[in-house]
Amino acid sequence: MSVSALQQRFALARSFNASTKRFSKSARRSVVVRAGTTTSIQFVKGQNETAVPEVRLTRSKDGSNGTAFFIFSDPDVFENGQGDITGMFLTDEEGEMSTVDVNAKFVNGKPTGIEARYVMKTEADWNRFMRFMERYAEDNGLGFSKK
């Protein structure tokens, strides 16, 4: 592994909060997604979500399973009637992970956010998810934070 790759992994690990299992607030900001990125989060197939979520992670003590909670504030999937939300699709160069455990939040009858839950049932699922998140963070100029 190259030195720059190790530095990137260290930077990601440094900013991930192990005790609260959350990304830092600095990681929760809107960014412009670069053209040609290999990772995406979609609620409607073919429509990349540009709002950056807050992500909370839980994992069993033995590492056999875990859960990722995604919270999107003002996602752009609600704009211009892009289509029906059919699930959350996490896509990268390895393939696609998906969940149908997706809920919209409404305030005064208007959609304001989306909450989704992705369950990892094996350690291999956890490792695959973490590889996706590392790529997603790199593609979107984000990082993990440990608090």
> If you go through segment 110-123 one residue at a time, do you hit one that is surrounded by 15 or more Cβ atoms within 10 Å (Cβ to Cβ), over 17 Å from the mean Cα position of the chain (by Cα) and assigned to a strand (DSSP E or B)?
Replying inline: yes
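Residue-by-condition table, conditions (1) under 16 Å from V44 (Cβ atoms); (2) touching a residue at least 24 places away in the same chain (Cβ under 8 Å); (3) surrounded by fewer than 17 Cβ atoms within 10 Å (Cβ to Cβ):
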residue: G63; (1), (2), (3): no, yes, yes
residue: G66; (1), (2), (3): no, yes, no
residue: F70; (1), (2), (3): yes, yes, no
residue: S73; (1), (2), (3): no, yes, yes
residue: T86; (1), (2), (3): yes, yes, yes
residue: D101; (1), (2), (3): no, no, yes
residue: N108; (1), (2), (3): no, no, yes
> Among the residues of segment 50-59, is any more than 17 Å from T39 (Cβ to Cβ) and in a helix (DSSP H, G or I)?
Replying inline: no
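Rule-based calculations on the coordinates, nothing more; no lab input. None of these values were measured; they are calculated from a predicted model. Positions of Cβ are generated from backbone atoms using ideal geometry, with glycine treated the same way; all protein chains shown enter the neighbour counts.
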